[in-house]
Amino acid sequence: MQAKRETVQTLLDALPFIRRFWGETVVIKYGGAAQTESGLKDKFAQDIALLALVGMKPVIVHGGGKSITDLSARLGIDSVFQNGLRVSSEKALWVAQMVLCGDINTEIVSLLNDHGAKAIGINGKDGNFAKAVGIDGLGFTGDVKEVNPDLLLKLIADRFVPVIAPIAAGSEPKQPGFNINADLMACAVAGAVRAKKLIFMTDTAGVLDKDGRLIRSINRADAARLKENGTISGGMIPKVDAALSALSFGVDKAHILDGRVEHSLLLEILTSEGISTEITR
Ligand SMILES: Nc1ncnc2c1ncn2[C@@H]1O[C@H](COP(=O)(O)OP(=O)(O)OP(=O)(O)O)[C@@H](O)[C@H]1O
Ligand SMILES: [Mg+2]
């Protein structure tokens, strides 16, 4: 009986947060770095299903950096990065597309459906909803120039959970498409669907300082300083840039969250216990 009372209390504690986010769109960037073991992936899927079933509108954008690097190595293709962004030859784009759309996307969709969400896997080429242009010097790694929200808004209105692989169509006909850093894709999607919140789930506690301690909140000026002195490097650079752009596109809050902690999404959204780095204007 006592245990049941505690369960009821837990549900009641979540009520103000459910009320706050009911009907709101939340974009969750599920980093490749956080997709480590099957137990954790299953808990992530449970969290998303729960958020959807209590009235939120989650949209997932996933990465897959580690898997792309692994398969590339097996195929004898070097992985080269500049400022945290992968340089994509046409062959590297082909590998990224196979890993992201073929493998990771379908796995996440199945997991979510197993837990009762209505997940549907898409990438920017579907209905041409995300178009990109190449970034100078990075080959077929692109930057999203345009997101047409119609398809996403229709899916969301029908209570589907879109699971988006970060591949975009080219802006010109006959281009093979572009590999997009998933943080940048998440930012473009969050702006287009007018998300309330954008959460980046990754494999660190958040943004760490020089001594490895979690920084609870950073703004544009802090980010510029931390990039300048090398504290923010590699894959954290596009993440922080994407979070700041999303805020300027009208997203209310952006967080960098530890995807290695079980149920970190529920802790962040449905409790008062903020455990992430919040990026502020
Ligand atoms: N100041 C910092 N604080 C925390 N992590 C940092 C910092 N600077 C650099 N990093 C690196 O950023 C990494 C996270 O970015 P990374 O691109 O590797 O993962 P992801 O974006 O979650 O996954 P994917 O790119 O596959 O979507 C961390 O694992 C860490 O090595
Ligand atoms: Mg990354």
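Brief remarks follow.
- With a threshold of 27 Å on the Cα-Cα distance, the over-threshold entries among Lys29/Lys227; Lys29/Lys154; Lys4/Lys29; Lys41/Lys118; Lys131/Lys196 are Lys4/Lys29.
- The accessible area of Val109, taken with all protein chains in place and a 1.4 Å probe, comes to roughly 20 Å².
- A simple count of charges around Met56, restricted to other residues whose Cβ falls under 12 Å of its Cβ and scoring Lys, Arg +1 and Asp, Glu -1, yields +4.
- Considering only Ser171, Leu12, Leu100, and ranking their Cα positions along the charge dipole of the chain that arises from unit charges at the beta-carbon of Lys, Arg, Asp and Glu, the one farthest toward the positive end is Leu12.
- Distances between placed amide hydrogens fall under 5 Å for Val133 paired with Asp143, Lys145, all partners being 5 or more residues away or on another chain.
- Prolate/oblate/rounded call for the range 24-279, Cα gyration tensor, a/c under 1.5 rounded: rounded
- Across the range 246-260, computed HN-Hα scalar couplings (Karplus, 6.51 cos²θ - 1.76 cosθ + 1.60, θ = phi - 60°) run 4, 4, 6, 7, x, 5, 5, 9, 10, 10, 10, 10, 6, x, 8 Hz from first to last residue, x flagging Gly and Pro.
- Karplus-derived 3J(HN,Hα), 6.51/-1.76/1.60, for each residue of the range 55-71, Hz, glycine and proline x: x, 7, 10, x, 10, 9, 10, 10, x, x, x, 5, 5, 5, 4, 5, 5
- Across the range 167-182, rounded Karplus estimates of 3J(HN,Hα) from the backbone phi angles (6.51 cos²θ - 1.76 cosθ + 1.60, θ = phi - 60°) give 10, 10, 6, x, 7, 10, x, 6, 6, x, x, 9, 7, 10, 4, 5 Hz, Gly and Pro being marked x.
- Accessible carbon and sulfur surface of the chain relative to its total accessible area, %, 1.4 Å: 52
- Scanning residues 5 or more positions from Asn181 or on other chains, those with amide H under 5 Å from its amide H are Gly142, with H placed 1.01 Å from N in the peptide plane.
- P(r) histogram, all alpha-carbon pairs of the range 58-196 included - 10 Å bins from 0, percent: 13, 44, 33, 10, 0
- Within the range 24-279: Cβ-based charge dipole about Cα centre, in debye rounded to nearest 20 (Lys, Arg +1; Asp, Glu -1): 320
- Between the range 210-239 and the range 132-198, the C-alpha centres lie 25 angstrom from each other.
- Length-normalised contact order for the chain - Cα pairs under 8 Å, 6+ apart - percent: 22
The values are calculated or read from the model by the stated rules, or taken from the named source; none is laboratory data. Quick caveat: nothing in here was measured; it's all calculated off a predicted structure. Because the Cβ atoms are built from the backbone with ideal geometry, glycine has one as well, and the counts that use them run over all protein chains shown. Just the protein is used for accessible areas: all its heavy atoms, side chains included, with ligands, DNA and RNA removed. Shrake-Rupley method; radii C 1.70, N 1.55, O 1.52, S 1.80 Å.
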